[in-house]
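The values are calculated or read from the model by the stated rules, or taken from the named source; none is laboratory data. No experiment lies behind these values; they were computed from the predicted model shown. Note that we place each Cβ from the backbone using ideal geometry, even for glycine, and neighbour counts take in every protein chain shown. Just the protein is used for accessible areas: all its heavy atoms, side chains included, with ligands, DNA and RNA removed. Shrake-Rupley method; radii C 1.70, N 1.55, O 1.52, S 1.80 Å.
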Amino acid sequence: MSATPGARAPIGRETTVSVAVVGFGTAGGGRLSGYGAVPGVEVTAVVDPSPERRGQAARLLPGGRVFASYEELAASGDTRVDVVDVCTPPALHDRLTRAALTAGRHVICEKPVAVRGAQARELIALARERGRLLFPSHNYGTSPLMRTLRGAIDGGPAETGATGATGATGNGADGPGGGIGRLESATFRILRDRHARGVPGFAPDWRRSAELAGGGILLDHGTHCVYMALRLFGRAPAKLSCTVERPGGDPGAVDEAARLRLDFGDGTCDIELSWTSGERSNHYAVSGSDGALSIDDGEVTGRGRAGEWRRSLVSPSKDQTHLEWFAPMYEDFRRVLASPDLWDGPAGEIEDTARIVEAAYASAASGGRTVPI
(Lines give C-alpha, C1' and ligand atoms only; values in the text may rest on other atoms or scores of the structure.)
Protein backbone atom coordinates (compact mmCIF):
# COMPACT_ATOMS: atom_id res chain seq x y z
CA MET A 1 0.00 0.00 0.00
CA SER A 2 1.45 3.34 -1.04
CA ALA A 3 1.56 6.29 1.35
CA THR A 4 0.00 9.02 -0.77
CA PRO A 5 -0.09 12.20 1.35
CA GLY A 6 -3.56 13.58 1.94
CA ALA A 7 -5.45 10.86 0.05
CA ARG A 8 -7.51 8.74 2.40
CA ALA A 9 -7.26 5.06 1.51
CA PRO A 10 -10.29 3.12 2.74
CA ILE A 11 -10.46 -0.67 2.60
CA GLY A 12 -13.89 -2.12 1.90
CA ARG A 13 -15.38 -4.81 4.07
CA GLU A 14 -15.26 -7.30 1.21
CA THR A 15 -11.44 -7.05 1.03
CA THR A 16 -9.21 -9.22 3.21
CA VAL A 17 -6.74 -7.12 5.17
CA SER A 18 -3.25 -8.15 6.18
CA VAL A 19 -2.26 -7.36 9.78
CA ALA A 20 1.06 -7.21 11.63
CA VAL A 21 0.70 -7.60 15.40
CA VAL A 22 3.43 -5.61 17.17
CA GLY A 23 3.91 -6.78 20.73
CA PHE A 24 3.05 -10.38 21.56
CA GLY A 25 2.23 -10.17 25.24
CA THR A 26 -1.20 -10.63 26.81
CA ALA A 27 -2.90 -8.19 24.44
CA GLY A 28 -1.03 -9.36 21.34
CA GLY A 29 -1.66 -13.02 22.09
CA GLY A 30 -5.34 -12.32 22.63
CA ARG A 31 -5.45 -10.31 19.44
CA LEU A 32 -3.97 -13.16 17.39
CA SER A 33 -6.70 -15.47 18.72
CA GLY A 34 -9.31 -12.82 18.01
CA TYR A 35 -8.25 -12.34 14.40
CA GLY A 36 -8.51 -16.08 13.89
CA ALA A 37 -12.19 -15.95 14.83
CA VAL A 38 -13.35 -13.20 12.45
CA PRO A 39 -13.55 -13.16 8.64
CA GLY A 40 -11.69 -10.84 6.32
CA VAL A 41 -8.31 -10.69 8.01
CA GLU A 42 -4.96 -12.46 7.78
CA VAL A 43 -2.18 -12.00 10.34
CA THR A 44 1.01 -12.14 8.28
CA ALA A 45 3.58 -10.94 10.84
CA VAL A 46 4.22 -10.73 14.56
CA VAL A 47 6.85 -8.49 16.17
CA ASP A 48 8.25 -9.00 19.67
CA PRO A 49 11.70 -8.47 21.25
CA SER A 50 11.47 -11.67 23.31
CA PRO A 51 12.86 -14.83 21.63
CA GLU A 52 10.48 -16.88 23.77
CA ARG A 53 7.44 -14.92 22.58
CA ARG A 54 8.61 -14.97 18.97
CA GLY A 55 8.94 -18.74 19.18
CA GLN A 56 5.40 -19.06 20.47
CA ALA A 57 4.10 -16.74 17.76
CA ALA A 58 5.85 -18.76 15.06
CA ARG A 59 4.19 -21.94 16.32
CA LEU A 60 0.77 -20.29 16.29
CA LEU A 61 1.20 -18.58 12.95
CA PRO A 62 2.01 -21.14 10.25
CA GLY A 63 3.33 -19.31 7.23
CA GLY A 64 3.54 -16.04 9.12
CA ARG A 65 6.75 -14.15 9.75
CA VAL A 66 8.17 -13.11 13.12
CA PHE A 67 10.50 -10.18 13.74
CA ALA A 68 12.42 -8.87 16.76
CA SER A 69 11.52 -5.24 16.04
CA TYR A 70 9.28 -3.11 13.86
CA GLU A 71 12.42 -1.83 12.15
CA GLU A 72 13.20 -5.42 11.14
CA LEU A 73 9.73 -5.79 9.66
CA ALA A 74 10.08 -2.50 7.78
CA ALA A 75 13.52 -3.47 6.45
CA SER A 76 12.17 -6.80 5.21
CA GLY A 77 10.36 -5.01 2.40
CA ASP A 78 7.15 -6.88 3.21
CA THR A 79 4.45 -4.91 1.40
CA ARG A 80 1.59 -7.21 2.37
CA VAL A 81 0.82 -5.43 5.63
CA ASP A 82 -2.23 -3.16 5.44
CA VAL A 83 -2.73 -2.67 9.19
CA VAL A 84 -0.31 -2.51 12.12
CA ASP A 85 -1.87 -3.48 15.44
CA VAL A 86 0.22 -1.96 18.25
CA CYS A 87 -0.09 -4.10 21.40
CA THR A 88 2.98 -2.95 23.34
CA PRO A 89 3.26 -1.10 26.67
CA PRO A 90 2.19 2.57 26.37
CA ALA A 91 5.66 4.13 26.27
CA LEU A 92 6.22 2.49 22.87
CA HIS A 93 2.91 3.47 21.28
CA ASP A 94 3.99 6.85 19.94
CA ARG A 95 7.14 5.66 18.15
CA LEU A 96 5.52 2.59 16.62
CA THR A 97 2.35 4.40 15.57
CA ARG A 98 4.37 7.15 13.89
CA ALA A 99 6.52 4.62 12.03
CA ALA A 100 3.52 2.63 10.80
CA LEU A 101 1.55 5.69 9.68
CA THR A 102 4.58 7.14 7.93
CA ALA A 103 4.97 3.84 6.05
CA GLY A 104 1.38 4.14 4.82
CA ARG A 105 -0.23 1.59 7.09
CA HIS A 106 -3.49 1.92 8.96
CA VAL A 107 -3.03 1.56 12.74
CA ILE A 108 -5.00 -0.02 15.55
CA CYS A 109 -3.36 0.94 18.84
CA GLU A 110 -3.89 -0.35 22.35
CA LYS A 111 -4.99 2.19 24.92
CA PRO A 112 -3.79 4.73 25.66
CA VAL A 113 -2.91 5.69 22.11
CA ALA A 114 -1.28 8.84 23.53
CA VAL A 115 -0.52 10.00 27.06
CA ARG A 116 -0.75 13.73 26.35
CA GLY A 117 -3.13 15.81 24.30
CA ALA A 118 -0.37 17.36 22.18
CA GLN A 119 1.00 13.91 21.38
CA ALA A 120 -2.45 12.75 20.32
CA ARG A 121 -2.88 15.76 18.04
CA GLU A 122 0.48 15.09 16.38
CA LEU A 123 -0.42 11.47 15.68
CA ILE A 124 -3.83 12.47 14.32
CA ALA A 125 -2.22 15.08 12.07
CA LEU A 126 0.22 12.48 10.76
CA ALA A 127 -2.59 10.02 10.07
CA ARG A 128 -4.48 12.68 8.12
CA GLU A 129 -1.37 13.69 6.22
CA ARG A 130 -0.70 10.10 5.17
CA GLY A 131 -4.36 9.34 4.50
CA ARG A 132 -4.54 6.48 6.97
CA LEU A 133 -6.90 5.53 9.78
CA LEU A 134 -5.69 5.71 13.39
CA PHE A 135 -8.09 3.60 15.43
CA PRO A 136 -8.01 3.08 19.23
CA SER A 137 -8.39 -0.40 20.71
CA HIS A 138 -11.12 0.81 23.06
CA ASN A 139 -12.62 -2.62 23.60
CA TYR A 140 -14.81 -1.62 26.55
CA GLY A 141 -16.64 0.66 24.14
CA THR A 142 -18.27 -2.26 22.32
CA SER A 143 -18.51 -4.59 25.33
CA PRO A 144 -21.80 -6.01 26.65
CA LEU A 145 -21.54 -3.83 29.76
CA MET A 146 -21.15 -0.66 27.69
CA ARG A 147 -24.06 -1.63 25.44
CA THR A 148 -26.14 -2.17 28.56
CA LEU A 149 -25.23 1.24 30.00
CA ARG A 150 -25.83 2.95 26.67
CA GLY A 151 -29.12 1.14 26.23
CA ALA A 152 -30.30 2.34 29.63
CA ILE A 153 -29.70 5.92 28.54
CA ASP A 154 -31.22 5.50 25.08
CA GLY A 155 -34.12 3.35 26.24
CA GLY A 156 -33.50 1.01 23.29
CA PRO A 157 -30.76 -0.70 21.27
CA ALA A 158 -27.40 0.86 22.00
CA GLU A 159 -25.04 2.43 19.51
CA THR A 160 -21.50 2.46 20.81
CA GLY A 161 -19.15 2.66 17.85
CA ALA A 162 -15.94 4.64 18.02
CA THR A 163 -17.39 7.32 15.74
CA GLY A 164 -19.91 8.36 18.36
CA ALA A 165 -22.62 8.09 15.72
CA THR A 166 -23.56 4.69 14.37
CA GLY A 167 -21.87 1.79 16.07
CA ALA A 168 -22.29 -1.82 17.04
CA THR A 169 -25.82 -2.53 18.16
CA GLY A 170 -26.60 -4.23 21.43
CA ASN A 171 -29.65 -5.36 23.36
CA GLY A 172 -30.39 -2.05 25.04
CA ALA A 173 -31.31 -2.07 28.70
CA ASP A 174 -33.32 -5.28 28.24
CA GLY A 175 -35.61 -4.23 31.05
CA PRO A 176 -39.33 -3.66 31.31
CA GLY A 177 -38.99 -0.08 32.51
CA GLY A 178 -37.29 1.36 29.41
CA GLY A 179 -34.55 3.95 29.75
CA ILE A 180 -33.39 6.06 32.66
CA GLY A 181 -34.23 9.37 30.98
CA ARG A 182 -31.75 12.21 30.82
CA LEU A 183 -28.36 11.10 32.11
CA GLU A 184 -27.47 12.91 35.32
CA SER A 185 -24.61 10.90 36.81
CA ALA A 186 -22.36 7.91 36.25
CA THR A 187 -20.13 6.00 38.64
CA PHE A 188 -17.32 3.60 37.79
CA ARG A 189 -15.52 1.75 40.59
CA ILE A 190 -12.78 -0.68 39.55
CA LEU A 191 -11.07 -2.42 42.45
CA ARG A 192 -8.16 -4.85 42.18
CA ASP A 193 -5.90 -6.60 44.67
CA ARG A 194 -2.93 -6.17 42.32
CA HIS A 195 -2.04 -4.80 38.91
CA ALA A 196 -2.53 -6.98 35.83
CA ARG A 197 0.68 -8.83 35.06
CA GLY A 198 2.38 -9.20 31.73
CA VAL A 199 3.78 -12.37 30.21
CA PRO A 200 7.05 -14.08 31.16
CA GLY A 201 9.79 -13.17 28.74
CA PHE A 202 9.10 -9.44 28.76
CA ALA A 203 8.82 -7.35 31.95
CA PRO A 204 5.85 -9.04 33.69
CA ASP A 205 5.52 -6.02 36.00
CA TRP A 206 5.76 -3.35 33.31
CA ARG A 207 2.60 -1.65 34.63
CA ARG A 208 4.60 -0.50 37.65
CA SER A 209 7.43 0.86 35.50
CA ALA A 210 7.08 4.58 34.78
CA GLU A 211 9.46 4.14 31.83
CA LEU A 212 7.29 1.47 30.13
CA ALA A 213 3.79 2.28 31.39
CA GLY A 214 3.98 6.08 31.39
CA GLY A 215 1.64 6.16 34.39
CA GLY A 216 -0.22 3.94 36.81
CA ILE A 217 -3.80 2.80 37.20
CA LEU A 218 -5.19 6.20 36.13
CA LEU A 219 -3.52 5.85 32.73
CA ASP A 220 -4.14 2.10 32.55
CA HIS A 221 -7.72 1.33 33.55
CA GLY A 222 -8.62 4.99 33.90
CA THR A 223 -8.33 5.38 30.13
CA HIS A 224 -11.15 2.84 29.68
CA CYS A 225 -13.34 4.75 32.12
CA VAL A 226 -12.66 8.09 30.43
CA TYR A 227 -13.63 7.02 26.93
CA MET A 228 -16.67 5.20 28.30
CA ALA A 229 -17.75 8.45 29.98
CA LEU A 230 -17.18 10.34 26.72
CA ARG A 231 -19.49 7.95 24.90
CA LEU A 232 -22.18 7.98 27.58
CA PHE A 233 -22.34 11.78 27.86
CA GLY A 234 -21.62 12.36 24.17
CA ARG A 235 -19.02 15.07 24.77
CA ALA A 236 -15.94 15.97 26.80
CA PRO A 237 -16.36 17.28 30.37
CA ALA A 238 -15.98 20.99 31.08
CA LYS A 239 -13.71 20.46 34.10
CA LEU A 240 -12.37 17.74 36.40
CA SER A 241 -10.64 17.06 39.69
CA CYS A 242 -8.42 14.13 40.61
CA THR A 243 -6.32 12.70 43.41
CA VAL A 244 -3.94 9.74 43.23
CA GLU A 245 -2.06 7.56 45.69
CA ARG A 246 1.46 6.29 45.12
CA PRO A 247 3.26 3.58 47.15
CA GLY A 248 4.89 5.19 50.17
CA GLY A 249 4.01 8.60 48.75
CA ASP A 250 6.96 8.24 46.36
CA PRO A 251 6.50 10.86 43.60
CA GLY A 252 8.61 8.74 41.25
CA ALA A 253 6.36 5.69 41.55
CA VAL A 254 3.34 5.12 39.36
CA ASP A 255 -0.07 5.74 40.91
CA GLU A 256 -1.79 2.67 42.35
CA ALA A 257 -5.11 4.31 43.27
CA ALA A 258 -7.04 7.26 41.87
CA ARG A 259 -10.28 9.18 42.35
CA LEU A 260 -11.51 11.28 39.46
CA ARG A 261 -14.59 13.44 38.98
CA LEU A 262 -15.57 14.53 35.48
CA ASP A 263 -17.96 17.49 35.46
CA PHE A 264 -20.09 17.77 32.30
CA GLY A 265 -22.07 20.77 33.52
CA ASP A 266 -25.42 19.01 33.66
CA GLY A 267 -24.00 15.73 34.93
CA THR A 268 -21.00 14.12 36.59
CA CYS A 269 -18.99 10.92 36.34
CA ASP A 270 -17.13 9.67 39.42
CA ILE A 271 -14.32 7.18 38.86
CA GLU A 272 -12.58 5.22 41.61
CA LEU A 273 -9.64 2.96 40.78
CA SER A 274 -7.35 0.82 42.93
CA TRP A 275 -4.70 -1.87 42.61
CA THR A 276 -4.50 -2.28 46.40
CA SER A 277 -8.09 -2.74 47.55
CA GLY A 278 -7.73 -6.38 48.64
CA GLU A 279 -10.57 -7.43 46.34
CA ARG A 280 -11.40 -7.71 42.66
CA SER A 281 -14.70 -6.11 41.68
CA ASN A 282 -16.32 -3.93 39.04
CA HIS A 283 -19.17 -1.48 39.56
CA TYR A 284 -20.72 0.64 36.82
CA ALA A 285 -23.84 2.74 37.34
CA VAL A 286 -25.83 5.41 35.56
CA SER A 287 -28.62 7.49 37.01
CA GLY A 288 -31.09 9.70 35.18
CA SER A 289 -34.28 11.64 35.42
CA ASP A 290 -36.47 8.53 35.08
CA GLY A 291 -34.48 5.75 36.73
CA ALA A 292 -31.11 4.11 37.27
CA LEU A 293 -29.08 1.09 36.27
CA SER A 294 -26.09 -0.58 37.91
CA ILE A 295 -23.76 -3.41 36.94
CA ASP A 296 -21.90 -5.18 39.74
CA ASP A 297 -19.50 -7.60 38.10
CA GLY A 298 -21.98 -9.63 36.05
CA GLU A 299 -25.22 -8.67 37.79
CA VAL A 300 -27.39 -5.94 36.29
CA THR A 301 -30.09 -4.12 38.25
CA GLY A 302 -32.38 -1.62 36.57
CA ARG A 303 -34.99 0.69 38.02
CA GLY A 304 -37.46 2.62 35.91
CA ARG A 305 -41.04 3.82 35.87
CA ALA A 306 -42.33 0.25 35.57
CA GLY A 307 -40.36 -1.03 38.54
CA GLU A 308 -37.12 -2.92 39.16
CA TRP A 309 -35.60 -5.73 37.09
CA ARG A 310 -32.45 -7.86 37.06
CA ARG A 311 -30.40 -9.86 34.61
CA SER A 312 -26.87 -11.21 34.23
CA LEU A 313 -23.83 -10.41 32.09
CA VAL A 314 -20.43 -12.06 31.84
CA SER A 315 -18.24 -10.23 34.35
CA PRO A 316 -15.40 -8.16 32.84
CA SER A 317 -13.12 -9.83 35.40
CA LYS A 318 -13.48 -13.19 33.67
CA ASP A 319 -10.64 -12.76 31.18
CA GLN A 320 -7.87 -10.14 31.10
CA THR A 321 -7.79 -10.23 27.27
CA HIS A 322 -11.59 -9.84 26.96
CA LEU A 323 -11.36 -12.01 23.88
CA GLU A 324 -15.15 -12.24 23.56
CA TRP A 325 -15.24 -8.46 23.04
CA PHE A 326 -12.89 -8.57 20.05
CA ALA A 327 -15.40 -9.35 17.30
CA PRO A 328 -17.63 -6.28 17.83
CA MET A 329 -14.59 -4.00 18.16
CA TYR A 330 -13.11 -5.40 14.95
CA GLU A 331 -16.44 -5.01 13.17
CA ASP A 332 -16.47 -1.36 14.29
CA PHE A 333 -12.93 -0.95 12.93
CA ARG A 334 -13.84 -2.45 9.55
CA ARG A 335 -16.97 -0.29 9.31
CA VAL A 336 -14.96 2.86 9.98
CA LEU A 337 -12.05 1.75 7.76
CA ALA A 338 -14.43 1.46 4.81
CA SER A 339 -15.83 4.98 5.30
CA PRO A 340 -13.25 7.80 5.49
CA ASP A 341 -15.96 10.28 6.46
CA LEU A 342 -16.09 8.46 9.81
CA TRP A 343 -12.35 8.62 10.56
CA ASP A 344 -12.58 11.87 12.53
CA GLY A 345 -14.70 10.10 15.18
CA PRO A 346 -11.94 7.83 16.52
CA ALA A 347 -9.45 10.69 16.18
CA GLY A 348 -11.59 12.91 18.39
CA GLU A 349 -11.95 10.20 21.01
CA ILE A 350 -8.19 9.60 21.05
CA GLU A 351 -7.49 13.29 21.58
CA ASP A 352 -10.20 13.86 24.19
CA THR A 353 -9.15 10.79 26.17
CA ALA A 354 -5.50 11.85 26.20
CA ARG A 355 -6.14 15.44 27.22
CA ILE A 356 -8.56 14.39 30.00
CA VAL A 357 -6.07 11.93 31.51
CA GLU A 358 -3.31 14.54 31.17
CA ALA A 359 -5.51 17.09 32.97
CA ALA A 360 -6.30 14.53 35.67
CA TYR A 361 -2.61 14.06 36.43
CA ALA A 362 -2.21 17.84 36.49
CA SER A 363 -5.05 18.11 38.98
CA ALA A 364 -3.54 15.37 41.15
CA ALA A 365 -0.17 17.15 41.11
CA SER A 366 -1.86 20.26 42.50
CA GLY A 367 -3.53 18.36 45.34
CA GLY A 368 -6.83 17.69 43.59
CA ARG A 369 -7.54 21.21 42.33
CA THR A 370 -10.40 21.49 39.81
CA VAL A 371 -8.99 22.19 36.34
CA PRO A 372 -10.74 23.10 33.08
CA ILE A 373 -10.61 20.80 30.08
*asked:* What does DSSP give for the chain in terms of the percent of beta bridges that are antiparallel, rounded to the nearest 5?
replied: 60
*Please sort by residue number the trypsin sites (Lys or Arg not before Pro) in the stretch 102-145 whose DSSP state is loop and whose Cβ has at most 10 other Cβ atoms within 10 Å.*
none
*If one puts a single equal scatterer on every Cα of the stretch 1-91 and applies the Debye formula without solvent, what log₁₀ I(q)/I(0) results at q = 0.14, 0.20 Å⁻¹?*
-0.50, -0.97
*Spin-label model distance (nm) - ASP263 vs GLU122, 7 Å beyond Cα toward Cβ*: 3.2
*Measuring with a 1.4 Å probe in the full set of protein chains, what accessible area per residue, in whole Å², belongs to the chain?*
39
*What value, in deg cm²/dmol to 500, does the helix sum -39500 (n - 2.57) over DSSP H runs of n ≥ 4 give at 222 nm once divided by the residues of the chain?*
-9500 deg cm²/dmol
*Among (i) 1.22; (ii) 0.96; (iii) 1.09, find the value of Cα Rg over 2.2 N^0.38 Å that was calculated from the structure presented, and write down its label.*
(ii)
*Treating the angle as unsigned and between 0 and 90°, give the value, to the nearest 10°, between the Cα long axis of helix 51-60 and the longest Cα principal axis of the chain.*
90
*Pairing the Cα long axis of helix 344-365 with the longest principal axis of the chain, what angle in degrees results, from 0 to 90 and rounded to the nearest 10?*
70
_Separation in nanometres of the label points that stand 7 Å from Cα toward Cβ, at THR16 and ASP270_ = 5.2
*asked:* Given Cα positions, please report Rg to Rh for the stretch 273-373, the hydrodynamic radius being the Kirkwood one.
replied: 1.04
*Accessible-area composition of the chain, carbon plus sulfur, in percent [1.4 Å probe]*: 49
*What GluC sites (Glu not before Pro) does the stretch 270-360 have in DSSP loop regions with at most 14 other beta carbons within 10 Å?*
GLU279
*Any idea what angle helix 217-233 forms with the longest principal axis of the chain, computed on alpha-carbon atoms, 0 to 90 degrees, nearest 10?*
70
